[in-house]
Amino acid sequence: MESFCNAEHSLAHALQEAARRGNLRGTRIHVGRREHVYNLGQPDAHIYLVESGQIKTLTHTRDGKQCLLSIHAPGDVFGESALLAAKRTETAQAMQVSVLIQVRVAQIMSDCGPPLREALIRHMANRLLEQQQVIANLVTMDSEHRLAALLVNLGRKVGNRRDQTALIRDRITQEELAEMVGTTRSRVGYFLKRFSSAGVVHRTEDAHLCIHIAELTDYLENSSLSAGL
């Protein structure tokens, strides 16, 4: 997962550098908590860089159930599906007050130099690999393993890091974790208790989730977890 995060921040750096040089015109937008950046089915030809806050992308199944796809923190880029489809294939919603830089895809492709376009291509390639890994996890892992893998990724991506410990200050509910893992809220709660007993995650006094990345990775790779599909 580390390479995915590096590729995402590489694009963010390229966007920031192009803006600094005056080669890129972006629009800074403010989004309130729970407000939508864009909606499923909406035409939108932009990508977005998160300056501050936190954004989640989600979609809905045919029977109306919500499915959380990803969470984006400062330095992340999202909305790259605008390169592939005229209309949005997901909804983007602010989990907290957020500041975003909105950039037209057409401007990147026509006005900016090779470094930014190459960074965008690498970002898209790594996003594809990330989605393939998610699909592989759904097929090959039980739900407890999937939750462990998700927590490791979230710790690396949105956690405040100190060595191999990541503190997730922003509240991510058990229901949201269940949507990303593909199981029920009650099962997520049960698995989190197991992880806590094993000493690989714990809640702080302020109810923040603290993830011990190295220990959880070892637990994920070497323990014999019960199937929880």
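Quick notes on this one:
- Breaking point among (1) in a helix (DSSP H, G or I); (2) within 18 Å of the chain's Cα centre (by Cα), for I211: (1)
- Positions within the range 148-184 being assigned to a loop (DSSP other than H, G, I, E, B), surrounded by fewer than 20 Cβ atoms within 10 Å (Cβ to Cβ) and among the polar types (S, T, N, Q), in sequence order: Q164, T173, T184
- The listed residues are V181, V152, and the only one of them that is in contact with a Ser or Thr (Cβ under 9 Å, 6 or more places away or on another chain), over 16 Å from I213 (Cβ atoms) and of a type in the set (V, I, T) turns out to be V181.
- Among the residues of the range 105-147, the one identified as within 30 Å of E179 (Cα to Cα), touching a residue at least 12 places away in the same chain (Cβ under 8 Å) and not in a helix (DSSP H, G or I) is D142.
- V201 touching a strand residue (DSSP E or B) at 6+ places or on another chain (Cβ under 9 Å), surrounded by 12 or more Cβ atoms within 10 Å (Cβ to Cβ), within 22 Å of L58 (Cβ to Cβ) and aliphatic (A, V, I, L, M): no
- Which numbered condition H212 fails, given (1) at pLDDT 85 or above; (2) under 28 Å from R34 (Cβ atoms): (2)
- Any hit, the range 34-56, residues being under 17 Å from the mean Cα position of the chain (by Cα), assigned to a loop (DSSP other than H, G, I, E, B) and of a type in the set (K, R): yes
- Just one residue in the set A12, A82, A19 is without any contact (Cβ under 8 Å) to a residue 60 or more places away in the chain and either surrounded by 13 or more Cβ atoms within 10 Å (Cβ to Cβ) or outside any loop (DSSP other than H, G, I, E, B) (or both); that residue is A82.
- Residues of the range 40-69 classified as free of Cβ contacts under 8 Å to residues at least 40 places away in the same chain and surrounded by fewer than 20 Cβ atoms within 10 Å (Cβ to Cβ), total: 7
The values are calculated or read from the model by the stated rules, or taken from the named source; none is laboratory data. Being a predicted model, the structure only gives us computed values, none of them experimental. Virtual Cβ from ideal backbone geometry, glycine too; neighbours counted across all protein chains shown.
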